[in-house]
Amino acid sequence: MSKVYNRQVQARKDLEDVWKHPEIVNVIHYSCESFYDRPDGSSPRITSIAVKNLKTGQTRSFSIHKYGELKGLKADELENHYNELEKTMLDEFAGQCKEQKEYRWLHWNMRDENYGFHAIELRHRILEGEPFSIPDNQKFDLSRILIGIFGKAYIGHPRLESLMEKNKVSNIGFKTGAEEAAAFDEGNYVGLHQSTLSKADVLSNLSQLAYEEKLKTNASWLDIHGHSFKAFFNWFAHNPYIAFPITIISLLANAFFIFTLFGGSK
């Protein structure tokens, strides 16, 4: 079998695993300060996290401004309490992770200490909290899954926004990563929070479209299946609309051969 075919099989299996038990799958997105313009090398502050259950759609959010409001702080007072509020937020998030330690997590490019689960854990440790480490085999990167199924050229960059436009997925409240970082700097906490929630919705919707094989992309047949004869043979051999009729024809041909063999001997 070709590498392209194996890649597709694994990616589709991952997507099926996510949707096999959606009640124990959380879709996650988080926003943070810009991680590009940091000359001192410090880790970017986590500003907002959204966690949406894939089956029920129930969403729990964690944000600096929400915990500030709970403490009775005004918007212009938050900056003086960022560390305290961020730690409280990450404590609460770690608590949910611990309570749902068997859950799977569907995300978009959350893969390293720059942006990802490890970045959240790092910030929590810096603030002297106790993060909960989610096992890697319980993390499913929708971005990589879609590349696995459709190939790298399946949509233009930026991929998430391009997919939303292609599939007419709602972008109400949606901000790019740079816009989210700017919103935090400007004190636009509500806009930042809405964007985080919006992206959790977007990932949920796109994953469902992909699972139901309704996701629209720019991928051609060759992009998806590869350009080699081996790739074509694998597609041909494993396509149920082709393999089933061929199997029936083969069985009928064998039956006819046996019938004529024994029928002719009488």
Discussion item. Compute the distance from the alpha-carbon center of segment 55-112 to that of segment 3-33, in whole Å.
Written reply: 23
Response to the item:
Taking a ≥ b ≥ c as the square roots of the Cα gyration tensor eigenvalues, with a/c under 1.5 meaning rounded and otherwise prolate when a/b beats b/c or oblate if not, segment 1-83 comes out oblate
Worksheet item: How high is the FRET efficiency between Gln10 and Thr176 when r is their beta carbon distance and R₀ equals 25 Å, given to the nearest 0.05?
Response: 0.25
Practice prompt. Taking amide H positions as placed in the peptide plane 1.01 Å from N, state which residues far from Lys139 in sequence (5 or more) or on other chains have amide H under 5 Å from it.
Written response: Trp105
Response to the item:
The ³J(HN,Hα) series, computed from each phi in segment 203-217 with the Karplus coefficients 6.51, -1.76 and 1.60 at θ = phi - 60°, rounded to the nearest Hz and given as x for glycine or proline, is 5, 4, 5, 5, 5, 5, 4, 5, 5, 7, 6, 10, 6, 8, 9
Discussion item. Please arrange Lys175, Lys74 by how many other C-beta atoms lie within 10 Å of their C-beta, fewest to most.
Written reply: Lys74, Lys175
Worksheet entry | Amide H contacts under 5 Å for Gly151, placed H, 5+ residues apart | none
Worksheet item: Between Arg45 and residues 5 or more places away or on another chain, which pairs have amide H atoms under 5 Å apart, with H built 1.01 Å from N, and which residues are they?
Response: Glu33
Fill in: For segment 57-72, Karplus couplings with θ = phi - 60° (6.51, -1.76, 1.60), whole Hz, Gly/Pro x
x, 5, 10, 10, 10, 10, 8, 4, 5, 5, 6, x, 5, 5, 8, x
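We did not get these values from a lab; they are worked out from the coordinates using the rules stated. Values in this document were obtained by computation on a predicted structure and should not be read as measured data. Note that we place each Cβ from the backbone using ideal geometry, even for glycine, and neighbour counts take in every protein chain shown.
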